[in-house]
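Read-outs throughout are calculated quantities, based only on the coordinates presented, and are distinct from any laboratory measurement. This one's a predicted model, so the numbers in the text were calculated from it and none came from an experiment. We place every Cβ from the backbone using ideal geometry, glycine too, and count neighbours over all the protein chains shown.
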There are 4 protein chains.
Amino acid sequence: MDFAFPIRIYWEDTDAGGIVFYANYLKFFERARTEWLRSLGLEQQKLREQTGGMFVVTQAQVDYHRPARLDDQLLVTARLQASGRASLTIRQQAFLQSPADGPQLLSEASIRIGWVDGASMRPVRIPISLLEQLS
Amino acid sequence: MDFAFPIRIYWEDTDAGGIVFYANYLKFFERARTEWLRSLGLEQQKLREQTGGMFVVTQAQVDYHRPARLDDQLLVTARLQASGRASLTIRQQAFLQSPADGPQLLSEASIRIGWVDGASMRPVRIPISLLEQLS
Amino acid sequence: MDFAFPIRIYWEDTDAGGIVFYANYLKFFERARTEWLRSLGLEQQKLREQTGGMFVVTQAQVDYHRPARLDDQLLVTARLQASGRASLTIRQQAFLQSPADGPQLLSEASIRIGWVDGASMRPVRIPISLLEQLS
Amino acid sequence: MDFAFPIRIYWEDTDAGGIVFYANYLKFFERARTEWLRSLGLEQQKLREQTGGMFVVTQAQVDYHRPARLDDQLLVTARLQASGRASLTIRQQAFLQSPADGPQLLSEASIRIGWVDGASMRPVRIPISLLEQLS
């Protein structure tokens, strides 16, 4: 089963269309990725202090199926889809938790993140210890 | 030549990595789309009042090549890539305007937007008058 | 004891100064206010559907004492400071939860919210049933 | 006359109330402050590289009078209200530019910013050369 993280919709997340502003799903997906990494023992601030490296997003593909609204309760998942020497691809989904109708898929994404040197921003190999914690 | 819109990078756009937070490029692309529509005589607030419909993003594919930083000056483009009965695909690019090295491609995206009824959020045909203004 | 709500710091919350962007504390304070209202049985989306009214912020006074950083865990409080016929003032504080040093006050605010008609945006009296739930 | 900077309202700025989300005025005020500093020859990224210091907001007092909406055109001002050894207070206003009714005051703020060492985040004296450029 995928890692799943609950996210509540607040005013800050919505727009004048009355629904969640679509760019904010990238925030929700990142919160879930961050908590997924944390659940594997990986804190990004500490990672940077220890290794000098950090993850940056290099590609995002997002499909939007249905809108979410103020006060909605979402469940956002994260799963390692593919891993290379310098990048990972994470598969993510956002579900509305509807007491009446069960979970409804709102949005899904593939997010590719690369590991870069924090000073030069150039891609470098993901530390082996980090890859081991991921698998 | 594509429609192009200048965007300045402020503190609000950056993150603790020292670079522009990647989700914010979706905001930059949307500002450029909005101004591109406005340059064609289309104001979205008025469109909604007149037709009851509005555009929503249904798919976003974004590639990130290089980071932008605080105080950088960007130029963001928009071009109609494809149009259907109920959706449009817009091709967009964000360039850094570097006085020394000329424009550098930072990020590029294909954004698919669908036309929906503002109340039901269901896809409906794009009004013909609107399609005519776009082409 | 004040109502308290935990908030984790993500990349989206930070800026290139390496700290949480100060405007984002207004979001944190609002999440805590929203959960405080929810804990009293008040859901804002339902309130609007039932009464046609909604809360809007009319004044915000915020003091910033210390910065928060990526991965920090905050505790944000909310307490009714004063209530009138058409507005409430909420007192709020944001604490860093530091395992080593105990809670540290990062920021504090007084937020005045008014009750308005959702269509005209004009101030109206807060419904009595709502005031009763608040006290 | 105060320094004034035009700001257009996009989807990203609005919320489900159909109006601009109040926290976003802090972003608008900051864009205007940044451009006001730039008009005086002060670029914040360069300042940090040259001096190791940066401005942080230590207090914000904001009054909200009327809402702005999608597609609105605002004019946001900045004026030095007071200056001390380690902090400045900036007075700012946001006006709606209404062709029919003339400018309407939407929001106004006093923002106190302190000068800190970028590494320790501790308050330090504002460099004299910087103060001279401000006056």
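Overview of results
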item	result
Hits in the range C:1-19 - residues which are touching an Asp or Glu at 6+ places or on another chain (Cβ under 9 Å), aliphatic (A, V, I, L, M) and free of Cβ contacts under 8 Å to residues at least 60 places away in the same chain	C:ALA16
Subset tally (residues that are in a helix (DSSP H, G or I) and either in contact with a strand residue (DSSP E or B) (Cβ under 6 Å, 6 or more places away or on another chain) or surrounded by 16 or more Cβ atoms within 10 Å (Cβ to Cβ) (or both)) for the range B:93-133	1
Hits in the range A:1-16 (condition: aromatic (Phe, Trp, Tyr), in contact with a Ser or Thr (Cβ under 7 Å, 6 or more places away or on another chain) and within 14 Å of chain D (Cβ to nearest Cβ))	A:TYR10
Matching entry among B:GLY52, B:GLY17, B:GLY41 (being surrounded by fewer than 19 Cβ atoms within 10 Å (Cβ to Cβ), farther than 19 Å from B:ILE90 by Cβ and among the small types (Gly, Ala, Ser))	B:GLY52
Residues located in the range C:17-33, provided they are more than 7 Å from chain D (Cβ to nearest Cβ) and in a helix (DSSP H, G or I)	C:ASN24, C:TYR25, C:PHE28, C:PHE29, C:GLU30, C:ARG31, C:ALA32, C:ARG33
Filtered residues of the range C:48-61 (kept if in contact (Cβ under 8 Å) with a residue 60 or more places away in the chain and away from chain D (no Cβ under 12 Å))	C:THR51, C:GLY52
Selection count where residues are in a strand (DSSP E or B), within 8 Å of another protein chain (Cβ to nearest Cβ) and buried (at least 20 other Cβ atoms within 10 Å of the Cβ), scope the range A:62-75	2
Boolean, B:ARG38 is among the basic types (Lys, Arg), more than 15 Å from C:ALA16 (Cα to Cα) and either within 14 Å of chain C (Cβ to nearest Cβ) or touching a Phe, Trp or Tyr at 6+ places or on another chain (Cβ under 8 Å) (or both)	no
Residue in the range C:76-91 that is in contact (Cβ under 8 Å) with a residue 24 or more places away in the chain, surrounded by 15 or more Cβ atoms within 10 Å (Cβ to Cβ), not in a strand (DSSP E or B) and not hydrophobic (A, V, I, L, M, F, W, C) present	no
Any pair with Cβ under 8 angstrom, 6 or more apart, that starts in the range B:23-34 at a residue that is among the basic types (Lys, Arg) and ends at one that is assigned to a loop (DSSP other than H, G, I, E, B)	B:LYS27/A:ALA23; B:LYS27/D:TYR10; B:ARG31/D:TYR10
